[in-house]
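What follows is one structure encoded as structure tokens, with my remarks underneath.
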């Protein structure tokens, strides 16, 4: 029997405060569910501005514990209400150590069950992306979550420049990988339609990737949107998101295509891990 998943992404503008940003995402989640979506991902650090354009300790106040924090609990209620799997990127404070923070995505099943989290592994520290000021590198590997829609993995923003983690997610069984981001105009705009497409191709899975839109008060550059789903053949599923406007993308993903592509392009069979020792040398 054919297996199709209706999935959603939201590229959103910053509203100016945390509560209204959460409310906006709740509204769009209900709209996605009304259109039949069964899984949805929000953008990187979804309830705040992209504060990494500056280095200012006031933004530590956006941290919450995951899953015990209020936003995770609220998102669990939203998942139960909508019947959707939710991937929810937030600013996490370590549950054991005050002052240790991570760029994290919680994964919540369609019945509201908290399944776990992914912590962003690769942390940039260059002009406009001062992330090492805010985040410790992730320490939980590359988990894949067994959800109501299948096996879901997460990679976050700067991670996308590193094919190793994308491959690890595939080896761990991912069928659909979400890559929420906050990326402003510049060199990355060209790469945006190359790297995530390459991960889908090389690993035979679907990728859903999000970028913000609009100009935020902490930076001069605007976020260029262009969120999209791409299939295991490297083809866009429907149109790519707008470059300037807020947009909800809802797309049907033919999950049988994963098996079809992997049986045609035998990349997993033909890998040579015995020849890759040099890749893990510092």
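The values are calculated or read from the model by the stated rules, or taken from the named source; none is laboratory data. These figures come from a predicted structure and were not determined experimentally. Backbone-built Cβ (ideal geometry, glycine too); neighbour counts: all protein chains shown.
Quick notes
- Contact map, segment 143-172: first residue at positive phi and surrounded by fewer than 24 Cβ atoms within 10 Å (Cβ to Cβ), second residue part of a loop (DSSP other than H, G, I, E, B) and modelled with pLDDT under 95, Cβ cut-off under 9 Å, separation 6 or more or different chains; pairs are 150/3.
- Condition check for residue 177: within 21 Å of residue 90 (Cα to Cα) and either modelled with pLDDT of 95 or more or part of a strand (DSSP E or B) (or both): yes
- Checked against (1) surrounded by fewer than 19 Cβ atoms within 10 Å (Cβ to Cβ); (2) at pLDDT 95 or above; (3) part of a loop (DSSP other than H, G, I, E, B), residue 66 meets all criteria but (1).
- Considered as a group, the residues in segment 224-239 that are touching a helix residue (DSSP H, G or I) at 6+ places or on another chain (Cβ under 8 Å) and part of a loop (DSSP other than H, G, I, E, B) include one that is surrounded by the most Cβ atoms within 10 Å (Cβ to Cβ), and that residue is 232.
- Cross-chain or 6+ apart pairs with Cβ under 6 Å, segment 120-131 first and part of a loop (DSSP other than H, G, I, E, B), then modelled with pLDDT under 95 and buried (at least 17 other Cβ atoms within 10 Å of the Cβ): 128/53
- Qualifying residue in segment 247-254 (condition: closer than 18 Å to residue 205 by Cα, surrounded by fewer than 19 Cβ atoms within 10 Å (Cβ to Cβ) and out of contact with any helix residue (DSSP H, G or I) (no Cβ under 6 Å at 6 or more places or on another chain)): yes
- Consider segment 85-105 and keep the residues that are crowded, with 24+ Cβ neighbours inside 10 Å, free of Cβ contacts under 8 Å to residues at least 60 places away in the same chain and in contact with a helix residue (DSSP H, G or I) (Cβ under 9 Å, 6 or more places away or on another chain). The one that is nearest to residue 148 (Cα to Cα) is 86.
- Only one entry of 7, 79 meets the criterion of being buried (at least 19 other Cβ atoms within 10 Å of the Cβ), at pLDDT 95 or above, under 20 Å from residue 175 (Cα atoms) and out of contact with any helix residue (DSSP H, G or I) (no Cβ under 7 Å at 6 or more places or on another chain), and that entry is 7.
- Test for residue 212: is it exposed (fewer than 15 other Cβ atoms within 10 Å of the Cβ) and on the phi < 0 side of the Ramachandran plot: no
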